[in-house]
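Student: Starting off with a structure, shown below.
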Amino acid sequence: MLKGNFPIKEFEGIRTPFYYYDLALLRRTLDTVRDIFRENPEYRLHYAVKANSNPRILRTIASYGFGADCVSGGEIRAALDAGFKPSKIVFAGVGKSDEEINLGLDAGIARFNVESAAELEVIDELAGKKGIVAPVSLRVNPDIGAHTHANITTGLAENKFGINYEQLPSVLELTLKLQNVKFLGVHYHIGSQILDMEDFAALCNRANYVSESLAKAGVAPGDINLGGGLGIDYHHPNHLDIADFKAYFDTFKRFLKTTPGQLVHFELGRAIVAPCGSLISRVLYVKEGISRQFAIIDGSMTELIRPALYKAYHRVENISSDEPEEIYDVVGPVCESSDVFAKGVSLDKCRRGDFIAIRSAGAYGESMASGYNCHPLPGSYFNE
Ligand code: LLP
């Protein structure tokens, strides 16, 4: 079995659990996107910082000249610290606080992706107090159900995100009337871990419809932001280590209608960083249950909550052992019965001290870690 290329010798001296990032893979991923963008000069990427805000990951992405999609003041600060230019930072989120809006205004970020009329009025007021005009896009809820986990769809009318698209004309009217905001674009995001390109084609159709209605009203947004959402293959991390960016961007090329000079923004997170990260932990105990055996590891839902929260699949590998496989439930030490990484999986025989890699954990892993049970936050280790 191919186990990936882990520098196990170097892991010996590191306190587990920790995140291991393959920066070479991250660069190959970013090169792939950059090459596609060279052929499509109207495309812009604002990397979704929420997927992974580790400073070294952010610096690597910033070094490519890409922008950042932030959802809090903390993320804006992290992006600025990592070298993202303010003119390439966009700020989304349904609940931006006054403090966060002021931070964005003071930093001179590129765009506030506004999610309600109420928020628009606050941005207008705060910008007015500073004597400046805030650049805004309106986030439209396209009411499209993506084929993904119910907890990570965001584009349905029942979700809290965006402006219902029937209410768009009235919010647009307000935007054009207010003195301290400038309408620059329309923003969408339908969900995450989407592998069916039909979902993105449906988003294009909805975006085309909105663009046509705006054109009829004499409004021409300078850009269209399609959000993120491209999924990765969690089952085959070695075989398919770069997401299918070609299929994704080809779908927009084929179905999205734009006007000359209009820019097309994307906010990918997972597809950029998920494959390059693994959570590395050690086997503490092998415990014989009545009908199953447990590999109890020192990593837990506090470092990687996705399996507990969404029943998400991550491939688990014993990267120390080469002994015949046995069947295990791989569990962490947290006092919650949902603290399980995998049930009934086949792993090379586990012994105390073996390194266990939980793969494809570069997105929504470290960034969602918590201190529950007084666990320290995980460290990170890079292959260069
Ligand atoms: N843009 C907006 C407005 C978003 O809300 C998101 C993700 C993205 C971009 C980036 O989406 P991506 O390309 O990563 O799919 N914690 C969940 C995922 C939550 C995604 C939230 N929004 C998980 O672990 O699966």
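Student: Go through the range 163-199 and count every residue that is assigned to a strand (DSSP E or B), modelled with pLDDT of 95 or more, aliphatic (A, V, I, L, M) and within 16 Å of the ligand (Cβ to nearest atom).
Tutor: Adding up the residues that qualify gives 2.
Student: Could you tell me whether GLY218 is at positive phi, in the same structural domain as VAL33 (by TED's automatic domain parsing) and surrounded by 14 or more Cβ atoms within 10 Å (Cβ to Cβ)?
Tutor: It is false that GLY218 is at positive phi, in the same structural domain as VAL33 (by TED's automatic domain parsing) and surrounded by 14 or more Cβ atoms within 10 Å (Cβ to Cβ).
Student: Just one of ILE280, ILE305 is more than 14 Å from the ligand (Cβ to nearest atom) and at pLDDT 95 or above; which is it?
Tutor: ILE280
Student: Condition check: open to solvent by 40 Å² or more (accessible area, probe 1.4 Å) and part of a helix (DSSP H, G or I). Does VAL94 satisfy that?
Tutor: no
Student: Something else now. Count, please, the residues in the range 67-97 that happen to be charged (D, E, K, R) and within 22 Å of LEU172 (Cα to Cα).
Tutor: Result for the range 67-97: 1.
Student: Among the listed residues LYS85, LYS50, which satisfies the condition of being within 16 Å of the ligand (Cβ to nearest atom), open to solvent by 30 Å² or more (accessible area, probe 1.4 Å), assigned by TED's automatic domain parsing to the domain that holds PHE245 and under 24 Å from LEU103 (Cβ atoms)?
Tutor: Answer to the selection: LYS50.
Student: Might you let me know whether the range 144-160 holds any residue that is over 20 Å from the mean Cα position of the chain (by Cα) and modelled with pLDDT of 90 or more?
Tutor: No, the range 144-160 contains no residue that is over 20 Å from the mean Cα position of the chain (by Cα) and modelled with pLDDT of 90 or more.
Student: Between a residue in the range 97-109 that is under 14 Å from GLU75 (Cβ atoms) and any residue that is in a loop (DSSP other than H, G, I, E, B), which pairs come within a Cβ distance under 7 Å, given they are 6 or more apart or on different chains?
Tutor: GLU100/SER72
Student: Scan the range 97-115 residue by residue and report those that are among the small types (Gly, Ala, Ser), open to solvent by less than 40 Å² (accessible area, probe 1.4 Å) and either in contact with a His (Cβ under 7 Å, 6 or more places away or on another chain) or assigned to a loop (DSSP other than H, G, I, E, B) (or both).
Tutor: If the condition is that a residue be among the small types (Gly, Ala, Ser), open to solvent by less than 40 Å² (accessible area, probe 1.4 Å) and either in contact with a His (Cβ under 7 Å, 6 or more places away or on another chain) or assigned to a loop (DSSP other than H, G, I, E, B) (or both), then ALA110 is the only one that fits.
The values are calculated or read from the model by the stated rules, or taken from the named source; none is laboratory data. This is a predicted model, so every value here is computed, not measured. When we count neighbours, we look across all protein chains shown, and the Cβ atoms used for this are built from the backbone with ideal geometry, even at glycine. The area values use the complete protein model at the heavy-atom level, side chains included, leaving out ligands, DNA and RNA. Shrake-Rupley method; radii C 1.70, N 1.55, O 1.52, S 1.80 Å.
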